[in-house]
Amino acid sequence: ANRTKTKELITFLQQEAKRLKILPLIVTVDWEGGIVSRPTETGGFHSIPSPWALARAGRDTCYRAGMLVGYQMASVGANMNFAPSLDLFDPNNQILATRCFAADEHVVAEMGIAFANGLMSQGALPVIKHFPGLGLGKHDTHLTNVGIDADAKLFAKHVYPFKEALRAGIPCIMPTHACFKQFGAEPITTSKQAVTYLRAC
């Protein structure tokens, strides 16, 4: 997307919302860094490395990367980012790959929260994803049904970063389309059990 045209379009849409006397619009972007970066250099935006690379550089770098993304979002009027991913890295999961900060749940929590706080420092709302963790999934949930049968210990490991982020005040969460035995046969996106679980976190 072209940076100037994006700003013009979002400004127009917000003006229309005001004219229609509705609430200001939530304008979202999918900008994790690395391979998931919808705004591009050719469009006038500054890219950031993948979450995997950011985590290797440390927490401060993750925070500053979030700041850079948040600043650029604010500059065009976007206010919500579908990032960061708090999924755990698994070498057998080629869908996520470098979109993950690390394989260790404590590192993922630390780096993901830092990135989210960087976004919020610039007025951008982060959306942590894909609850309760898609690291164990081996296929694209947009294209096929994915069922994850994790024991209690493994489930706790994968859900840990999400719990920590919620406790840290990260305001928004995106569920996965996958099914987890902990929440029954429904995908997490439509699971009442999953919502009840989240409310108790």
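The values are calculated or read from the model by the stated rules, or taken from the named source; none is laboratory data. Keep in mind the model is a prediction, meaning the values are calculated, not measured. Note that each Cβ is placed from the backbone with ideal geometry, even for glycine, and that neighbours are counted across all protein chains shown. The area values use the complete protein model at the heavy-atom level, side chains included, leaving out ligands, DNA and RNA. Shrake-Rupley method; radii C 1.70, N 1.55, O 1.52, S 1.80 Å.
For F183, are the conditions met, namely being surrounded by 13 or more Cβ atoms within 10 Å (Cβ to Cβ) and in contact with a Ser or Thr (Cβ under 6 Å, 6 or more places away or on another chain)?
yes
Restricting to region 42-77, name every residue that is outside any loop (DSSP other than H, G, I, E, B), in contact with a helix residue (DSSP H, G or I) (Cβ under 6 Å, 6 or more places away or on another chain) and of a type in the set (F, W, Y).
Within region 42-77, W52, Y63 meet the criteria.
Criterion first (open to solvent by less than 70 Å² (accessible area, probe 1.4 Å), not hydrophobic (A, V, I, L, M, F, W, C) and not in a strand (DSSP E or B)) does T6 satisfy it?
Answer is yes for this residue.
Of these, L96, L68, L125, L134, which one is surrounded by fewer than 24 Cβ atoms within 10 Å (Cβ to Cβ), at pLDDT below 95 and not β-branched (V, I, T)?
Unique residue meeting the criteria: L96.
Looking only at region 51-65, which residues are small (G, A, S) and open to solvent by less than 20 Å² (accessible area, probe 1.4 Å)? Can you show your working first?
Our first condition is that a residue be small (G, A, S); within region 51-65, this holds for 53, 55, 57-58, 65.
The answer is A55, G58, A65.
Which one is nearest to V127 (Cα to Cα) among residues in region 10-41 that are open to solvent by less than 100 Å² (accessible area, probe 1.4 Å), without any contact (Cβ under 8 Å) to a residue 12 or more places away in the chain and in a helix (DSSP H, G or I)?
Selected residue: A17.
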